[in-house]
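Q: Pasting a structure here, questions to come.
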Amino acid sequence: MLKTCANGHTFQKSSDCPVCPVCDSINNPKEGVFASIGAPARRALMAQGIYGIRDLTKWSKKELLKLHGVGPNAANKIEKIVAAAGHKLRSE
């Protein structure tokens, strides 16, 4: 399916994912909270309005795993990132 993002980039997507790969490559962090998380998981978090540690603490690991793009590896990394910052994910 051919899509066009708000910035005018045209791209092909076979899923419902609205993220533009061109914009995403521009926003690919080299450091910070999401630097060690893969792009699919990062896009899934951002689509839910999750941009930092405080946002992550409102979610349980089980809820994160339900997001398309967040698998067990990403969920474990997220849990470690939150713990390293002195916080924890919401209890289930």
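Q: Tell me which GluC sites (Glu not before Pro) from region 1-89 have a DSSP coil assignment and no more than 14 other beta carbons within 10 Å of their own.
A: Answer by residue number: 31.
Q: Any chance you could run the full-extension gain for residue 83 through residue 6? It's 0.36 nm times the residue separation minus the Cα-Cα distance, nm to one decimal.
A: Contour length minus the Cα-Cα distance gives 24.2 nm.
Q: From largest to smallest, what semi-axes in whole angstrom does the chain give when each is the square root of 5 times an eigenvalue of its alpha carbon gyration tensor?
A: 26, 14, 10
We did not get these values from a lab; they are worked out from the coordinates using the rules stated. Treat the numbers as computed from the prediction; the structure is a model and nothing was measured. Note: ideal-geometry Cβ built from the backbone for every residue, glycine included; neighbour counts use all protein chains shown.
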